[in-house]
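Structure first, commentary second.
What follows draws every value from the coordinates through simple rules; no lab data is involved. Keep in mind that this is a model prediction, so the values were computed, not measured. Using ideal geometry, Cβ is built from the backbone for each residue, glycine included, and neighbour counts are taken over all protein chains shown.
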Amino acid sequence: MAVLLQSLVVLSICAVLNAAACNNVEQTNNNCVADSWEQIFRSPSRSSILPLLRYKNKLYYMGVHFRANWYEALHFCESIHMKLLSIHSADENQIISKYVKAANKGTTEFWTGGTRLVDGTNFVWMPYGTRVEYTNWSGGQPSDVNEKCLQLWGSSDNLTWNDRDCNLGLFFICERCCESNTCPPGL
């Protein structure tokens, strides 16, 4: 019952965000003329709907308005034309840590797109189908073969990685790659 209720909340939030995005573009006969999410990502100005952090050729959105299990977080990011977070360098990990600290949401536990659901052993960035190369595991992690999803955790000064049960409700971070000359300004 709780999972069903949580899923309905996720779908409701997606519908509200989609409606709000549609209101920010020209409308004809009550239909969006263009794909509203794509308009947000192509706009030369900062979005009032979707607060984004920009770092190099990526935009990040921190999902902190509801908790979701890993599968719901993956779906939510895709519904707003983004992907669940992937981290490819120490610099990027540090930028994300600063982003979390600046948000000051009282938590430092976030889902990423990392998982070993594919073969039970090797971690991949599920949204991209690529092997996790750079890692920043906490000491002794990954520690449990039954924990198949990758979360960020620890102090907001230095988020490290941990394997977790994919069904746990956490906040999450979405990302989107863009060409440097087409990325809208971020925070």
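Observations on the model:
- Ranked Glu38, Glu179, Glu72, criterion: other C-beta atoms within 10 Å, fewest first: Glu179, Glu38, Glu72
- Aspartates and glutamates with Cα under 12 Å of Lys101, excluding same-chain neighbours fewer than 8 positions away: Glu109, Asp157
- Shape annotation for region 44-177: C-alpha extents along the principal axes are 44, 29, 26 Å, from largest to smallest.
- Taking a sphere under 15 Å around the Cβ of Leu117 and counting the other residues whose Cβ falls inside, with K and R at +1 and D and E at -1, yields a net charge of -2.
- Among Lys98, Lys83, sorting on how many other beta-carbon atoms sit within 10 Å of each Cβ, with the fewest leading, yields Lys98, Lys83.
- Among Leu159, Leu170, Leu84, Leu117, the order by Cβ neighbours within 10 angstrom, fewest to most, reads Leu117, Leu170, Leu159, Leu84.
- Entries of Lys105/Lys148; Lys56/Lys98; Lys58/Lys83; Lys58/Lys105 with Cα pairs more than 18 Å apart: Lys105/Lys148; Lys58/Lys105
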